[in-house]
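Trainee: Input: one structure, supplied below.
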Amino acid sequence: MSTYDNFLQFACQKDSATRCSQITQLIASNWEVHDVDNPLVVMPLNIINAFCSICRQAQFEVLAERASTSYDNGNMRDGDMIPCAPSLRKYWG
Amino acid sequence: MQGHASTLRFTDHRGQPHHLTCSKGGQQGDGFEALRFAVTIHPSIGRVFQRHPACKEAAICDDIFVVAPLQEALALVAELKLILKQDLDLDLDVPKFNCYVPGNRLDDDQTRALFKDTLANPQSFSDLATIDAGVYKGTACCRCAYRN
């Protein structure tokens, strides 16, 4: 599974809502070091009908760990590897 | 896979089964779907965040919280909106966005004006022009409704 220094996903973890909230508050508590003309902000984002709208092809390709089309505005191409947690392989094939 | 429908067997609250033809998404409430959804959006969102190192994010499935300086946050959200649509056919609900500004250095009017000016300037924010969000200031929910 890819890991990213500045992106944490808490889905399916114990006390995920509490931990997500605590992390968000912890990061936001650093607001004083930012310029007043470009202040630190917290923006909650919302996806329309997320679960029932997501592309199934992309879901399968993440589980299969290989892209069959271009993603990320062309930065990922057909045949590129998509790193995924090995523990998810038991749900596939 | 693309465009080919599968049959979803859905049982309602009376125990009556229904067969629904579906070609997109999964069943919200299915335990595995939450995991599969989170795993699918992870690389798409993560790659965008790699290009915006000043931004940080915590998420629970589709509930995403961006913490960043205002200009960088808007730049990231503009790119994220594009990538999520292209890669996963997901639409960010821009009019429902909220913006919390921690601290007390700006009053309500200054906060609204700064948000509006920042949104109006760079070309890349044009996709976010429909933001009709509440702008919140301080730790308490002091709402100063921002409207375009």
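Trainee: Work out from phi, with θ = phi - 60° and the Karplus expression 6.51 cos²θ - 1.76 cosθ + 1.60, the ³J(HN,Hα) of each residue of the stretch A:72-82, listed in order in whole Hz, and give x for Gly and Pro.
Mentor: 6, 6, x, 6, 10, 10, 3, x, 5, 6, 10
Trainee: Mind checking the mean number of beta-carbon atoms from other chains within 10 Å of the Cβ atoms in B:94-104?
Mentor: Details: counts 3, 1, 4, 4, 6, 4, 7, 6, 12, 8, 1.
Average neighbour count from other chains, rounded to a whole number: 5.
Trainee: Can you figure out the FRET efficiency of A:Asn30 with B:Phe32, using R₀ = 30 Å and their beta-carbon distance, to the nearest 0.05?
Mentor: Here the calculated transfer efficiency is 0.25.
Trainee: Which value, in nm² and rounded to one decimal, describes the direction-averaged projected area of the C-alpha convex hull of the stretch B:1-81?
Mentor: 7.1
Trainee: A further question on this structure: Counting only other chains, what is the mean number of Cβ atoms within 10 angstrom of the Cβ of each residue in peptide A:11-23? Working shown, then result.
Mentor: On the way: counts 13, 10, 2, 0, 0, 7, 2, 0, 2, 7, 3, 1, 5.
Going residue by residue through A:11-23 and averaging, the value is 4.
Trainee: Within 10 Å of each Cβ in B:110-118, how many Cβ atoms from other chains are there, averaged over the peptide? The partial results should precede the final answer.
Mentor: Working: counts 2, 2, 0, 0, 5, 2, 0, 1, 4.
Neighbouring Cβ atoms belonging to other protein chains average 2 per residue here.
Trainee: Under a cut-off of 25 Å between alpha-carbon atoms, report the lysines in cross-link reach of B:Lys96, not counting same-chain residues fewer than 8 places apart.
Mentor: Output for B:Lys96: B:Lys24, B:Lys56, B:Lys81, B:Lys85, B:Lys116, B:Lys137.
Trainee: Mean residue ellipticity at 222 nm from the helices of the protein assembly as shown, using -39,500 (n - 2.57) per DSSP H segment of n ≥ 4 over the full residue count, to the nearest 500 deg cm²/dmol? Write out the running numbers ahead of the final one.
Mentor: Numbers: 6 runs with 78 residues, N = 241.
Here the helix-only value at 222 nm equals -10500 deg cm²/dmol.
Trainee: Let me ask another. Per residue Cα convex hull volume for chain A, in cubic angstrom?
Mentor: Spread over its residues, the Cα hull of chain A gives 162 Å³ apiece.
Trainee: Once you put a point 7 Å from the Cα of B:Asp93 and another 7 Å from the Cα of B:Gln110, both along the Cβ direction, what distance in nm separates them?
Mentor: 3.3
Trainee: Next question, about the same structure. Applying the Karplus parametrisation 6.51 cos²θ - 1.76 cosθ + 1.60 with θ = phi - 60° to the phi angles of the stretch B:46-57, what ³J(HN,Hα) value in whole Hz is obtained for each residue in order, glycine and proline being reported as x?
Mentor: x, 5, 5, 5, 4, 7, 10, x, 7, 9, 10, 8
Trainee: Sticking with this structure for a sec: Set Lys and Arg Cβ to +1 and Asp and Glu Cβ to -1, take the dipole of chain A about its Cα centre, and tell me which of A:Ile23, A:Phe60, A:Gly79 lies farthest positive.
Mentor: Of the listed residues, the answer is A:Phe60.
Trainee: Using amide H atoms built in the peptide plane, which far-off residues or other-chain residues are under 5 Å from A:Ile47 H to H?
Mentor: Amide H neighbours of A:Ile47: B:Asp93.
Trainee: Above 15 Å lies some portion of the pair distances; for the stretch A:41-93, what is it as a whole percent of all C-alpha pairs?
Mentor: Tail of P(r) above 15 Å: 59 percent of Cα pairs.
Trainee: 7 Å from Cα along Cα→Cβ at both A:Leu88 and A:Thr18: what's the point-to-point distance in nm?
Mentor: The answer from the label model is 2.7 nm.
Trainee: Name the residues whose placed amide hydrogens come within less than 5 Å of the amide hydrogen of A:Asn38, ignoring near sequence neighbours (fewer than 5 apart) on the same chain.
Mentor: Those lying under 5 Å, H to H, from A:Asn38: there are none.
Trainee: With Cβ to Cβ distances under 14 Å as the rule, what net charge do the other residues near B:Lys56 carry (K, R +1; D, E -1)? Mind showing how you got there, number by number?
Mentor: Details: positive: B:Arg51; negative: A:Asp5, B:Glu57, B:Glu72.
Overall, the nearby charge balance is -2.
Trainee: Rg over Rh of the protein assembly as shown, using C-alpha atoms and the Kirkwood radius, what does it come to?
Mentor: Taking Rh as the inverse mean 1/r over Cα pairs, Rg/Rh reads 1.00.
Every read-out reported here was derived from the displayed coordinates using simple, explicitly stated rules and does not represent laboratory data. Predicted model only: the values in this text are computed from it and were never measured. With ideal geometry, Cβ positions are generated from the backbone for all residues, glycine too; neighbour counts draw on all protein chains shown.
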